[in-house]
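Engineer: There's a structure below that I have some questions on.
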Amino acid sequence: MDDATLNKYKRILCRKISIYFKVIRKHFNSEWNDPKSKILSVTSINGFIMSYLALIDKYGIKDFKFYDELLNKLDFDFSKDNFPYTSSQYAKFSREIIRKLEI
């Protein structure tokens, strides 16, 4: 693969991941903007990325509307005191996302 093709591929991937995280931000907007929230922690971000890979495996790459409707099923408390996932528990968090999304 030449550099131009690789760069084009990277841009496409970044746009698709960005769409997914825009939906997450929409659904958890108050948490996203709360500096005390755990939504932007490494654990949460990695968990969301892992669940995105599971979504791609099952449904393929989809658009904003698809993820928007699907992520309506999610309900998490990202507050510092109540978010139960810590440090390297992103796989556990991802499994909980997948369970709630029923995939």
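Engineer: Quick one: in region 68-86, which of the residues that are over 15 Å from M50 (Cα atoms) and in contact with a Ser or Thr (Cβ under 7 Å, 6 or more places away or on another chain) is modelled with the lowest pLDDT?
Structural biologist: Among residues in region 68-86 that are over 15 Å from M50 (Cα atoms) and in contact with a Ser or Thr (Cβ under 7 Å, 6 or more places away or on another chain), the one modelled with the lowest pLDDT is T86.
Engineer: Conditions: (1) outside any helix (DSSP H, G or I); (2) loosely packed, with under 15 Cβ neighbours inside 10 Å. K62 meets all but one. Number of the miss?
Structural biologist: K62 satisfies all of (1) outside any helix (DSSP H, G or I); (2) loosely packed, with under 15 Cβ neighbours inside 10 Å except (2).
Engineer: Within region 33-59, work out how many residues are of a type in the set (D, E, K, R) and assigned to a helix (DSSP H, G or I).
Structural biologist: 2
Engineer: A further question follows. Does region 20-35 contain any residue that is among the polar types (S, T, N, Q), surrounded by 13 or more Cβ atoms within 10 Å (Cβ to Cβ) and more than 12 Å from the chain's Cα centre (by Cα)?
Structural biologist: no
Engineer: Tell me which residues, restricted to region 72-101, are surrounded by 16 or more Cβ atoms within 10 Å (Cβ to Cβ) and part of a helix (DSSP H, G or I).
Structural biologist: Once the filter is applied, which keeps residues that are surrounded by 16 or more Cβ atoms within 10 Å (Cβ to Cβ) and part of a helix (DSSP H, G or I), region 72-101 yields Y90, F93, S94, E96, I97, I98, L101.
The values are calculated or read from the model by the stated rules, or taken from the named source; none is laboratory data. It should be emphasised that the depicted structure is a prediction, and the values quoted were computed from it without experimental measurement. Cβ sites come from the backbone with ideal geometry, for glycine too, and all protein chains shown count toward neighbours.
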